[in-house]
Amino acid sequence: MSSPTGSDGPGGPAQPLVVQPLVVLAGPTAVGKGTVVAELRRLHPEVWVSVSVTTRAARPGERHGVDYLFVDDAEFDRLVAAGELLEWAELHGSHRSGTPRGPVDEVLAAGGKALLEIDVQGARQVRAVRPDAVLVFLAPPSWDELVRRLVGRGTESTAQRQQRLATARTELAAAPEFDVTIVNAEVRQAAADLVALWTAHPIASRAEADHHPDISEA
Ligand code: 5GP
């Protein structure tokens with residue numbers, strides 16, 4: 001977790017704490033969200049990236065607690081019932097993934113920069129509960145390029161690929177619902193465009209946020 005800004009250090013009083021927007025990256029399957037997030041992590045380790053809970057099995061090389069928190073259906077049910085997930089979705093009709101609420105709240109409360117990498121259904125839920133979130137749609141340069149990336153990944157069977165392409169078509173149609181669209185033509189540029197959002201969408205300093213000025217003051 002990135003260290004909170006604004007805490008009292010030995011040298012003196014705290015800097016005003018800047019409240020950062022929650023940035024949510026979504027987009028069609030195989031558009032390259034994971035690659036863009038990996039590049040963002042490399043270039044900007046100060047950005048905290050949420051680790052989702054999932055009921056799907058780990059793929060080779062995936063680590064519990066790093067890539068995902070791998071849980072069974074019963075534990076996922078428990079998290080949903082306890083209200084511990086900010087959002088969750090059933091993906092490709094095969095498993096469920098969701099965002100643990102607590103860590104996101106903690107990072108934002110500490111003035112940290114928090115990023116969720118989730119699907120379109122999840123992004124809609126975040127919009128409903130956190131209207132101040134910045135929703136980013138990662139778009140492929142073209143539909144043909146998206147198909148090429150999906151086939152090139154080679155991790156799915158033909159039936160799974162057909163299902164994912166069908167899902168991707170529906171997901172592409174959701175682009176207008178988002179605040180920002182970033183075209184993933186070049187990974188480094190897409191990561192740079194993403195990180196720029198934290199400075200482009202300042203919410204307020206904590207002092208301003210706590211002030212709640214009367215409207216008549218304006
Ligand atoms: P994968 O199984 O390949 O890691 O991810 C499949 C899809 O699940 C991706 O579109 C990814 O963004 C989405 N996803 C991963 N974690 C979450 C989550 O916590 N919530 C939601 N709604 N989608 C997620």
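For the reader, a short list of remarks on this structure follows.
- When each of the peptides 177-184, 68-75 is scored by the mean number of other C-beta atoms lying within 10 Å of its residues, the order from highest to lowest reads 177-184, 68-75.
- Nitroxide proxy distance, nm - points 7 Å out along Cα→Cβ at D105 and R41: 2.5 nm
- Convex hull volume per residue for the stretch 28-167, taking Cα atoms only, in Å³: 127 Å³
Values in this text are rule-based calculations from the coordinates and carry no lab data. Only a predicted model underlies this, so the values are computations on that prediction, with no experimental measurement involved. A quick note on method: Cβ atoms are made from the backbone with ideal geometry, for glycine too, and the neighbour counts reach across all protein chains shown.
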